[in-house]
Amino acid sequence: MNLTWKQAFLLGGLFLFQKISMEIIPASAQMKQWSRRCKAQGKSIGLVPTMGYLHEGHLSLIRRCRAATDSVVVSIFVNPTQFGPGEDLDRYPRDEEGDLRKCRELGTDAVFMPDASQIYGPNHQTYVEVGPVAEPLCGATRPGHFRGVATVVLKLFNIVLPDRAYFGSKDYQQLQVIKTMVRDFDLDVDVVACQTVREQDGLAMSSRNAYLSPEERNEALCLYKALTRARALFAAGETNGDNYLKAMREIISREPNAEIDYVSLVDPESLQDLEKVDSRALAALAVRVGRTRLIDNMLLE
Ligand code: AMP
């Protein structure tokens, strides 16, 4: 196709306008109106829920959403109800300007950025309680966490009205909790699971990595090393669950500032402990490196 200078200029301008014309929406009612307008125009809506401080992991979700839906909505909301007492709600990293720039660069149509009062009114009293899938792993060490997650995700679904919603497998249990809620409540949303994006040396990207000192950053690699060891055992045909746990624990215990929250080998659907490994398993762990709690997992199949 041969374009004249004038045509190329106009096309460039249109492209730029689309990038600039991203809507920043602070209020739930306004967000819903925006989504209703999209629906009325026959457009599909994709939602990428985040807590901000966006990194390549988040961006991979946005790209995937951009490729599959007409209207891309990114939500940025640090959800207070999923944090327990003494957790890092108050110091959770934020970078509003950087986040908006990244969203814009990826062609996001709208960023929903409510404050807590938009999501939880003064008389808010209803919460989603998910069953056994929310109980082990992070559910056991962060009581109430998945109740907060499921509640805010249901609210986001009802406000943004997405056809599809994108979640990372890095938070594997969160993904299972949301899939379970969608199934049990007959929600009309396709949950799309996306791969974990890692740093070059294997550390799973996370907004919380920003808390790590250079020394802790090195030690944090023990999560990936432990999971890689589990994968090697699986490839070698190991069937005894205890041997996986011992091997992973041993690798983490080498790091002076790393303290295990949990190291588990579970069924990838039910998330219940596996004593014997057959065809599939999920190795999952949560480790505190200094004051920072990190999670990671690997599907063995
Ligand atoms: P967060 O902002 O940490 O709540 O994460 C928002 C979404 O991004 C969740 O669906 C996460 O699972 C996903 N996510 C976070 N880190 C990664 C990563 N390293 N790779 C892929 N997805 C991720």
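The values are calculated or read from the model by the stated rules, or taken from the named source; none is laboratory data. Bear in mind that the values here come from a model prediction, so they are computed numbers and not experimental data. As a convention, Cβ positions derive from the backbone with ideal geometry for all residues, glycine included, and neighbour counts pool all protein chains shown. What goes into the accessible areas is simple: the full protein's heavy atoms, side chains included, and nothing from ligands, DNA or RNA. Shrake-Rupley method; radii C 1.70, N 1.55, O 1.52, S 1.80 Å.
A few points about this structure:
- Simple spin-label estimate for Glu56 and Tyr262 gives 2.9 nm between the two label positions (7 Å along the Cα-to-Cβ direction from each Cα).
- Dipole of the chain, positive direction: furthest Cα of Pro85, Leu221, Gly202, with charges on the beta-carbon: Gly202
- Magnitude of the charge dipole, segment 207-300, Cβ model with Lys/Arg +1 and Asp/Glu -1, debye to 20: 280 debye
- Mean separation of Cα contacts under 8 Å (6+ apart) over length of the chain, as relative contact order %: 16 percent
- Taking the chain as a Gaussian network of alpha-carbon nodes connected by springs under 10 Å, the highest mean-square fluctuation of the residues Ser207, Ser117, Ser270 belongs to Ser117.
- Accessible surface of the chain, 1.4 Å probe, proportion on carbon and sulfur as whole %: 50 percent
- Only one residue of Pro26, Ala40, Gln125 has its Cα farthest out toward the positive end of the dipole of the chain, where Lys and Arg carry +1 and Asp and Glu -1 on Cβ, and that residue is Ala40.
- Rounded FRET efficiency, nearest 0.05, which uses the C-beta distance separating Glu301 from Tyr127 and R0 of 35 Å: 0.55
- The 1.4 Å probe gives accessible areas that order Ile295, Ile25, largest first, as Ile295, Ile25.
- Cα centroid separation, segment 161-218 to segment 237-301 (Å): 17 Å
- Cβ charges +1 (Lys, Arg) and -1 (Asp, Glu), total dipole of the chain, debye: 980 debye
- Cα→Cβ-extended label distance, 7 Å offset, between Arg254 and Glu215, nm: 1.9 nm
- Beta-bridge orientation, segment 23-194: approximately 0 percent antiparallel, per DSSP, counting only bridges with both partners inside.
- About its Cα centre, segment 32-135 has a charge dipole of approximately 720 debye under the convention of +1 per Lys or Arg Cβ and -1 per Asp or Glu Cβ, with nothing else charged.
- For the pair Asp242 and Arg37, the difference between a 0.36 nm per residue extended length and the Cα-Cα distance amounts to 68.4 nm.
- Anisotropy class of segment 23-194 from Cα gyration tensor, a/c 1.5 cut: rounded
- In a DSSP loop and with at most 14 other Cβ atoms within 10 Å, the chymotrypsin sites (Phe, Trp or Tyr not before Pro) in segment 116-179 are Tyr127.
- With 0.36 nm allotted per residue and the present C-alpha distance subtracted, the Ala235-Arg101 stretch has 44.0 nm of extension available.
- Where Rh is the Kirkwood radius over Cα pairs, Rg/Rh for the chain: 1.01
- Arg183 versus Gln200: modelled label distance in nm, points set 7 Å from Cα along the beta carbon direction: 4.1 nm
- Beta bridge orientation in the chain: antiparallel %, DSSP, nearest 5: 50 percent
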